[in-house]
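A short write-up of the structure that comes next.
The values are calculated or read from the model by the stated rules, or taken from the named source; none is laboratory data. Quantities reported herein were computed from a predicted structural model and do not represent experimental measurements. Cβ atoms come from the backbone with ideal geometry, glycine included; neighbour counts cover every protein chain shown.
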2 protein chains.
Amino acid sequence: MFDRELYRADNCSVAGTLALVGERWTFLVLREAFFGVRRFDDFARLLGIARNLLTDRLSTLVDAGILAKEPYRDQGSRERMQYRLTAKGAELVPAVLALMQWGDRHLAGPEGPPIRPVHAGCGSPVQLALACSAGHHVPPYEIEPVAGPGALLVSNAPAAGAG
Amino acid sequence: MFDRELYRADNCSVAGTLALVGERWTFLVLREAFFGVRRFDDFARLLGIARNLLTDRLSTLVDAGILAKEPYRDQGSRERMQYRLTAKGAELVPAVLALMQWGDRHLAGPEGPPIRPVHAGCGSPVQLALACSAGHHVPPYEIEPVAGPGALLVSNAPAAGAG
């Protein structure tokens with residue numbers, strides 16, 4: 001049984017990821033990037049977000065290496081910027097899908113979910129699944145946290161050598 | 001190819017789920033619930049969150065059916081409240097793990113991740129995986145959104161019968 005009281009949370013991977021992408025607009029920018037949106041003006045219009053907020057959220061994602069910023073130029077126009085998911089950004093797709101899957105199940109109307117993620121290779125629906133390395137399908141209530149190699153102990157004892 | 005421009009986003013399952021649990025403290029309350037934390041005082045102390053904020057976030061999660069509120073009484077104390085994940089709440093564990101997995105991969109120090117999720121039945125490490133119904137393992141960049149049965153078209157045309 002995991003004893004939460006023993007460990008510090010300041011190196012928590014959930015909190016760290018949320019600090020980067022947990023803000024609502026930031027996550028919705030990621031959703032649009034997953035839908036194939038690339039251009040600043042398209043993000044702004046589709047999300048209905050103020051341009052200064054969008055600039056800020058895109059910078060956060062570019063600085064974190066989640067989106068890559070690239071110039072493009074339509075014929076007869078000045079150079080503008082577009083943004084695409086990097087490989088590191090694409091690894092957040094499971095988080096987008098996890099939230100989507102929960103919403104599809106618990107919030108969608110009787111007509112069903114608005115979006116279905118499919119495998120581009122074969123067109124079959126994609127699902128997130130939890131499996132253990134022994135090959136078992138794992139329902140959420142059978143998951144248990146254990147301390148990993150980077151766990152930091154809460155210690156009230158003075159450090160060795162101190163006072 | 002999915003044409004994002006054709007569809008409305010106001011019934012988006014990602015946005016709907018984020019509206020419930022996307023706020024940073026709310027998601028960290030879920031993390032603690034996944035770690036087995038139950039009692040108000042424990043949430044408050046472990047998160048370092050102000051009690052009025054915690055009350056608010058717990059109410060949101062109880063109202064959404066994600067946490068269940070139950071009385072408990074320690075010997076010699078007055079009745080207090082504890083909160084546990086419902087089945088609906090446990091279905092958010094994949095979202096917690098998706099964020100954790102990304103953070104473990106991109107933010108953890110050289111010593112490794114602080115927490116490892118394992119299968120309670122067998123002790124083997126648990127991983128989130130994307131698979132399609134045809135049985136293929138699906139890397140994130142091979143996922144494509146298509147319109148589902150609940151997709152709402154953007155329509156600038158007047159509704160049938162109008163004007």
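Could you tell me whether B:V146 is in a helix (DSSP H, G or I) and in contact with a Lys or Arg (Cβ under 7 Å, 6 or more places away or on another chain)? No: the conditions fail for B:V146.
Results for (1) modelled with pLDDT of 95 or more; (2) facing chain A (nearest Cβ under 10 Å), shown as yes or no for each residue.
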site: B:A50; (1), (2): yes, no
site: B:R57; (1), (2): yes, no
site: B:A64; (1), (2): yes, yes
site: B:Y83; (1), (2): yes, no
site: B:W102; (1), (2): yes, yes
site: B:P110; (1), (2): no, yes
site: B:V118; (1), (2): yes, yes
site: B:E144; (1), (2): no, yes
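For the stretch A:93-119, which residues satisfy the criterion of being of a type in the set (D, E, K, R) and either over 19 Å from B:L128 (Cα atoms) or touching a residue at least 24 places away in the same chain (Cβ under 8 Å) (or both)? Of everything in the stretch A:93-119, just one residue is of a type in the set (D, E, K, R) and either over 19 Å from B:L128 (Cα atoms) or touching a residue at least 24 places away in the same chain (Cβ under 8 Å) (or both), namely A:E111. Put simply, of A:E79, A:E23, A:E91 the only residue that is among the acidic types (D, E) and touching a His at 6+ places or on another chain (Cβ under 8 Å) is A:E91.
Each residue in the stretch B:10-31 was checked for being of a type outside the set (V, I, T) and at the interface with another protein chain (Cβ under 7 Å from one of its Cβ atoms), and 11 of them qualify. Of the residues making up the stretch B:101-108, none is of a type in the set (A, V, I, L, M, F, W, C) and out of contact with any helix residue (DSSP H, G or I) (no Cβ under 7 Å at 6 or more places or on another chain). Helices (runs of 4 or more DSSP H) fully within the stretch A:4-49 that include at least 2 residues being touching a residue at least 60 places away in the same chain (Cβ under 8 Å): A:13-21, A:24-34.
When the stretch A:63-122 is filtered for residues that are of a type in the set (G, A, S), in a helix (DSSP H, G or I) and surrounded by fewer than 22 Cβ atoms within 10 Å (Cβ to Cβ), the ones remaining, listed by number, are A:A87, A:A90.
Answer with yes or no whether B:M81 is touching a residue at least 12 places away in the same chain (Cβ under 8 Å), over 26 Å from A:L30 (Cα atoms) and not charged (D, E, K, R).
Yes: the conditions hold for B:M81.
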